[in-house]
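To start, the structure itself, in structure tokens.
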Amino acid sequence: MYFCPLYSGSSGNALFCQYGETRLLVDAGKTGAVLKEAMARVGVPPETLSGILITHEHSDHIQAAGVMARKYHLPIYATPETWRAMAGKIGKIPGDLIRTVQSGKSFWLGEIGVEPFSIPHDAADPVGYRLWGGATSVSTATDLGAFTEDVYSAVAGSTLVLLESNHDPDLLRANPRYNQALKARILGDHGHLSNEACAGALLKLVSGGTKHLILGHLSGENNTPVLARKVSEEALAREGIRPGEEILLEVALRDEVGKIYMLKETE
Ligand SMILES: [Zn+2]
Ligand SMILES: [Zn+2]
């Protein structure tokens with residue numbers, strides 16, 4: 001199974017996953033041109049995708065969804081509430097490209113088994129996805145205000161998890177460009193996961209057997225890759241775990257196409 005965070009961050013998200021002949025994107029939150037270029041970097045023409053899975057209707061996840069669906073004739077998968085919420089934002093989608101998903105209802109998209117699960121976030125009906133290729137699985141856990149027990153049980157034991165490490169709460173509180181309402185939204189239970197909350201979730205995931213952890217959806221203003229990594233590394237160190245040995249800990253950058261992770265069946 002191949003996984004590549006093409007982009008991850010509050011300014012745009014698109015994740016690529018391939019197993020066998022099936023290729024898909026989770027979210028398409030950059031312009032069509034930027035995503036086409038990013039996909040060329042990993043050697044994947046957009047027209048070879050089997051579909052686009054949408055997590056929720058915020059623009060950093062759907063910006064190019066409509067454009068790509070129409071241009072490359074790609075089906076889009078989203079919950080009915082997400083479809084309603086993004087209807088005015090992605091333009092008209094031909095009926096044969098509209099697919100609905102539901103939290104807790106798994107399905108096959110080609111050779112990839114897809115398990116949507118609910119996440120606590122301030123959107124209509126947001127979901128994360130666990131994607132199965134054989135016995136290997138990759139999960140997305142970004143855009144969530146809290147790493148709840150339900151989210152944990154949905155992703156526990158995944159081979160790789162893209163986990164949100166959105167902000168440093170002190171940087172966020174001190175940011176003069178964010179008003180109080182926005183700060184409260186981000187810090188709330190339906191906002192975004194802080195570096196500290198991420199580190200707590202990461203320890204749980206590691207204890208559940210996950211060995212590949214990618215920190216993602218970093219804020220551009222209220223975090224840095226160095227800080228996000230440091231908080232998680234320190235939490236692991238307190239448990240006697242050194243990243244690079246037993247587990248892989250990396251940060252998906254906001255403005256650079258991520259690297260391709262090749263996950264072997266035995267991992
Ligand atoms: Zn987002
Ligand atoms: Zn969001």
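Computed from the coordinates by the stated procedures, all read-outs in this text should not be read as laboratory data. This one's a predicted model, so the numbers in the text were calculated from it and none came from an experiment. Cβ sites come from the backbone with ideal geometry, for glycine too, and all protein chains shown count toward neighbours.
As an exercise, take the mean of 1/r over every pair of distinct alpha carbons in region 128-190, invert it, and state the Kirkwood radius in angstroms. Present the calculation step by step, with values, prior to reporting the outcome.
Details: mean 1/r = 0.0748 Å⁻¹.
Evaluated over region 128-190, this radius sits at 13.4 Å.
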Original post:
With respect to the cross-link table entries LYS30/LYS92; LYS36/LYS89; LYS30/LYS71; LYS204/LYS259; LYS30/LYS211; LYS89/LYS183, which display a Cα-Cα separation exceeding 22 Å?
Top reply: LYS204/LYS259; LYS30/LYS211; LYS89/LYS183
Original post:
Exactly which GluC sites (Glu not before Pro) in region 228-264 are in a DSSP loop and have at most 15 other Cβ atoms within 10 Å?
Top reply: GLU239, GLU245, GLU246, GLU256
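Between THR31 and THR224, what FRET efficiency comes out of the Förster formula 1/(1 + (r/R0)^6) with R0 = 35 Å and r the beta carbon distance, rounded to 0.05? All intermediate terms of the calculation are to be shown ahead of the outcome.
Values: r = 25 Å, r/R0 = 0.71.
That gives a FRET efficiency of 0.90.
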Original post:
By the gyration tensor of its Cα atoms, with a ≥ b ≥ c the square roots of the eigenvalues, what is the shape of the chain: rounded for a/c under 1.5, prolate for a/b over b/c, or oblate?
Top reply: oblate
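When the convex hull of the Cα atoms of region 1-60 is projected onto a plane and the area is averaged over all directions, what value comes out in nm²? Kindly include the intermediate steps, with their values, before the conclusion.
Details: hull surface 15.2 nm².
Orientation-averaged projected area of the Cα hull: 3.8 nm².
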Original post:
For the chain, what is the percent of antiparallel DSSP beta bridges, rounded to the nearest 5?
Top reply: 50
**OP:** First check a/c for region 203-267, with a ≥ b ≥ c the square roots of the eigenvalues of its C-alpha gyration tensor; if it is under 1.5, answer rounded, and if not, answer prolate when a/b is larger than b/c or oblate otherwise.
**Re:** oblate
Original post:
Using unit Cβ charges (K, R positive; D, E negative) and no other charged atoms, how large, in debye to the nearest 20, is the dipole of region 142-197 about its Cα centre?
Top reply: 320
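Between GLN102 and GLU196, how high is the FRET efficiency from 1/(1 + (r/R0)^6) when r is the Cβ-Cβ distance and R₀ = 30 Å? Nearest 0.05. All intermediate terms of the calculation are to be shown ahead of the outcome.
Numbers: r = 32 Å, r/R0 = 1.07.
About 0.40, to the nearest 0.05.
Please give the charge dipole size of the chain, origin at the Cα centre, charges +1 on K and R Cβ atoms and -1 on D and E Cβ atoms. Round to the nearest 20 debye.
Values: 25 positive and 31 negative charges, 130 e Å.
It comes to approximately 620 debye.
With an 8 Å cut-off on Cα pairs and a minimum separation of 6 or more residues, tell me the relative contact order of region 1-116 in percent. Don't skip to the end; give the middle numbers.
Working: 228 pairs, mean separation 24.6, N = 116.
Relative contact order here is 21 percent.
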**OP:** Using only the alpha carbons of region 1-147, determine the length spanned along each of the three principal axes and report them from longest to shortest in whole angstroms.
**Re:** 36, 35, 30
Original post:
For the charge dipole of the chain, defined by +1 on Lys and Arg C-beta atoms and -1 on Asp and Glu C-beta atoms about the Cα centroid, which residue among LEU187, LEU35, GLN18 has the Cα displaced farthest towards the positive pole?
Top reply: LEU35
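Which value, in debye to the nearest 20, describes the size of the charge dipole of region 130-241 about its Cα centre when Lys and Arg Cβ atoms bear +1, Asp and Glu Cβ atoms bear -1, and nothing else is charged? If you can, show how the numbers build up before the last one.
Details: 10 positive and 12 negative charges, 31 e Å.
Rounded to the nearest 20 debye, it is 140 debye.
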Original post:
What residues qualify as long-range amide H neighbours of GLY29, i.e. H under 5 Å apart, gap of 5 or more or another chain, H built at 1.01 Å from N?
Top reply: ASN13, ALA14, GLN63, ALA64
Original post:
222 nm [θ] for the chain, helices only, -39500 (n - 2.57) per DSSP H run of 4+, per residue, to 500?
Top reply: -8000 deg cm²/dmol
